[in-house]
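Novice: Quick one: this structure, given as structure tokens, is what I'll be asking you about.
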Amino acid sequence: MKYDIYNIPDPKHPGEQLQHIRPISWGVLTHDELVEMMCSHNSGLDRGTVVACLYKLGSVLSEAMADGKKPQIDGIGTFSLQLKKKESSSVTDLEKVRANGVEVKTVTFQPSAKFLYSIDRQSRYEKSDMTNRSHKRSLDELEAIVNDYFACHDHLTRHQFQRIA
């Protein structure tokens, strides 16, 4: 696992920076890749069974959370729901928000200590010589980069901008 060091402003000490270590993620494990991995390693599981189990797991987790439960999976962790006021609600005082003015914000995941230990035990850490964060550039530098790009191209997507900047 490759990692990078990044700095953020220290809110308690203006002008100073806090350093953090974060993994560099270069991809997503797709559903099909996950299914294949679960079917391999002499698991004895066939593709249809794994797909059905994953589908059922999603269904059971959403049903449990809709009932106000926090599903816990041994060796993995606990899922919980976060709620928010609907964007369309004009109520500003949350005490006055009615049930029809509430919606799901996100689902959070708290990994178990066993799961974290398992990841750490399998990881081989290596400081990356590459980064997936932006270079610090002035607005003038960014404008020059974009102008150079448009000299040869008709349009620029966010992904392309990230790559060139």
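Novice: Of the residues Val50, Val97, only one is of a type in the set (A, V, I, L, M), without any contact (Cβ under 8 Å) to a residue 40 or more places away in the chain and over 27 Å from Ala113 (Cα atoms); which? Full working, then the answer.
Specialist: Values: Val50 fails: over 27 Å from Ala113 (Cα atoms).
From the options Val50, Val97, the qualifying one is Val97.
Novice: Could we say that Tyr149 is of a type outside the set (A, V, I, L, M) and touching a Leu at 6+ places or on another chain (Cβ under 7 Å) here? Before the answer, list the steps.
Specialist: Details: of a type outside the set (A, V, I, L, M): yes; touching a Leu at 6+ places or on another chain (Cβ under 7 Å): yes.
The answer is yes for Tyr149.
Novice: Among the listed residues Ser43, Ser88, Ser59, which satisfies the condition of being hydroxyl-bearing (Ser, Thr, Tyr) and closer than 25 Å to Ile119 by Cα?
Specialist: Only one candidate passes the filter, namely Ser43.
Novice: Within region 28-59, take every residue that is assigned to a loop (DSSP other than H, G, I, E, B) and open to solvent by 60 Å² or more (accessible area, probe 1.4 Å) and give me the one that is nearest to Lys136 (Cα to Cα).
Specialist: Ranking the candidates gives Val28 first.
Novice: In region 8-27, what residues are part of a loop (DSSP other than H, G, I, E, B) and either of a type in the set (Ser, Thr, Tyr) or open to solvent by less than 80 Å² (accessible area, probe 1.4 Å) (or both)?
Specialist: Asp10, Ile24, Ser25, Gly27, listed by residue number.
The values are calculated or read from the model by the stated rules, or taken from the named source; none is laboratory data. Since the model is a prediction, treat every value here as computed from it, not as a measurement. For neighbour counting, all protein chains shown are included, and Cβ atoms are generated from backbone atoms with ideal geometry for every residue, glycine included. Just so you know, the surface numbers come from the protein's heavy atoms only, side chains and all, with ligands and any DNA or RNA stripped out. Shrake-Rupley method; radii C 1.70, N 1.55, O 1.52, S 1.80 Å.
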